[in-house]
Amino acid sequence: MSEGLLVAKDRVITVRYAIRGADGTEVESNREGEPFVSLHGHGSLLPAIETALDGKASGERLNFTLTPDQAFGEHRSDFTQRISKKYLPNPNRLKPGEQTTLQTREGPRTVTVIKVGGKVVDIDLNHPLAGQTLEFDIELVSVREATAEELAHGHAHGPGGHHH
Ligand code: ZN
């Protein structure tokens, strides 16, 4: 059905990926789980990854290394914030060192809990992979045209995408 389509803005892509640190340790992978589905060109992947995937065909495999500034940013020691518990899911279950998701204007952001108070939580806004040079191994599983609804919403629907 989508035979021969190449990756381009406003097409929906399905990928499997693994991310390894500079020492070769795998830090993240979805090889075992559900493939990741993304509306290409809408920022759900890092800009450097979207650029690397541009023009590729399904079945292609990419391997490349990104420096911190191309990946999740440099680690900043002062990048912390005290926020109200109402902005966090299940705030009373959080413990220092745990990761949680903060909803921001730019979308969901993974943050690390520093300290939990009565009404507020101190969080570290650095991405857990900030400061790391990372190797990406990406397999492009499929490429298809987006539906009008997906384009209107700005994200992919269906398995691996948004369900609503
Ligand atoms: Zn939607």
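The values are calculated or read from the model by the stated rules, or taken from the named source; none is laboratory data. Note that this is a predicted model, so its numbers are computed, not measured. Positions of Cβ are backbone-derived with ideal geometry, glycine not excepted, and every protein chain shown enters the neighbour counts. Heads up: the accessible areas ignore ligands, DNA and RNA and are worked out on the full protein's heavy atoms, side chains in. Shrake-Rupley method; radii C 1.70, N 1.55, O 1.52, S 1.80 Å.
Observations, loosely collected:
- Residue list for segment 8-44, restricted to those being among the aliphatic types (A, V, I, L, M) and within 19 Å of Thr147 (Cα to Cα): Ala8, Val12, Ile13, Val15, Val37, Leu39
- For segment 149-164, filtering for residues that are at negative phi, in contact (Cβ under 8 Å) with a residue 40 or more places away in the chain, part of a loop (DSSP other than H, G, I, E, B) and of a type outside the set (A, V, I, L, M, F, W, C) leaves 3.
- Across segment 130-148, the qualifying residues are those that are touching a residue at least 12 places away in the same chain (Cβ under 8 Å) and of a type in the set (A, V, I, L, M, F, W, C), and the one among them that is nearest to the ligand (Cβ to nearest atom) is Ala146.
- Residue count for segment 69-95, restricted to those that are small (Gly, Ala, Ser), under 27 Å from Asp23 (Cβ atoms) and either touching a strand residue (DSSP E or B) at 6+ places or on another chain (Cβ under 7 Å) or open to solvent by 70 Å² or more (accessible area, probe 1.4 Å) (or both): 2
- Test: Leu66 is touching a strand residue (DSSP E or B) at 6+ places or on another chain (Cβ under 7 Å), at pLDDT 95 or above, open to solvent by 60 Å² or more (accessible area, probe 1.4 Å) and among the aliphatic types (A, V, I, L, M): no
- Residue that is surrounded by fewer than 15 Cβ atoms within 10 Å (Cβ to Cβ) and within 20 Å of Thr14 (Cβ to Cβ), where the choices are Glu106, Glu139, Glu98, Glu145: Glu145
- Scanning segment 100-110 for residues that are of a type in the set (Asp, Glu), part of a strand (DSSP E or B) and more than 16 Å from the ligand (Cβ to nearest atom) turns up nothing.
- Pairs meeting the criteria (first residue in segment 11-31 and free of Cβ contacts under 8 Å to residues at least 12 places away in the same chain, second residue open to solvent by less than 20 Å² (accessible area, probe 1.4 Å), beta carbons under 6 Å, at least 6 apart or on different chains) are Glu26/Ala18.
- Conditions (1) open to solvent by 90 Å² or more (accessible area, probe 1.4 Å); (2) in a helix (DSSP H, G or I): number failed by Asp23: (2)
- Criterion (open to solvent by 20 Å² or more (accessible area, probe 1.4 Å), more than 16 Å from the ligand (Cβ to nearest atom) and under 19 Å from Asn30 (Cα atoms)) met by exactly one of His157, His127, His163: His127
- Residue within segment 56-71 that is free of Cβ contacts under 8 Å to residues at least 40 places away in the same chain, more than 15 Å from Pro128 (Cα to Cα) and small (Gly, Ala, Ser) present: no
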